[in-house]
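A quick write-up on the structure given underneath.
Values in this text are rule-based calculations from the coordinates and carry no lab data. Everything numeric here is computed off the predicted structure, so don't read it as measured data. Here the Cβ positions follow ideal geometry from the backbone for every residue, glycine too, while neighbour counts run over all protein chains shown.
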Amino acid sequence: MRLGCVGCLFLIILVLGAGFVLGGGLVLSTTIFSVPERVPTADWTPWDGQRAQQKIAEVIRRDTGKSARTDPVVFTEREINAFLAHHLEESEAMPFSPLVVELAPRGVVIQGKTRVFP
């Protein structure tokens, strides 16, 4: 039985589709497990985390009307990094080490690395 042009068209579409799926799988498998070139680092102290907690408490006091202060509350990168590293690792059992938050002009950049679980 001859399929003619419809058979050839179907075969070409099938070969191209398989090529796209295999090519996409190859690209995905080579990039998904690769180690990032730059491992992020953050420099912070426990005092930075404590200052971040104090600032969060001040924001809550202002929101509930218990504080009359009107000066802006500004978080630094060090404070954000210390607060998140402490609370995500110890309080929520989410071990990101290192966890780095960068306040960039275009937005917030969050980078981190997790442990490999057996």
What is the magnitude of the charge dipole of the range 41-114 about its Cα centre, with +1 placed on the Cβ of each Lys and Arg, -1 on the Cβ of each Asp and Glu, and no other charges, expressed in debye to the nearest 20?
300 debye
Radius 11 Å from Cβ of ALA57, net charge of other residues (Lys, Arg +1; Asp, Glu -1):
+3
For the pair CYS5 and VAL74, how long in nm is the line joining their label points, each one 7 Å along Cα→Cβ?
7.1 nm
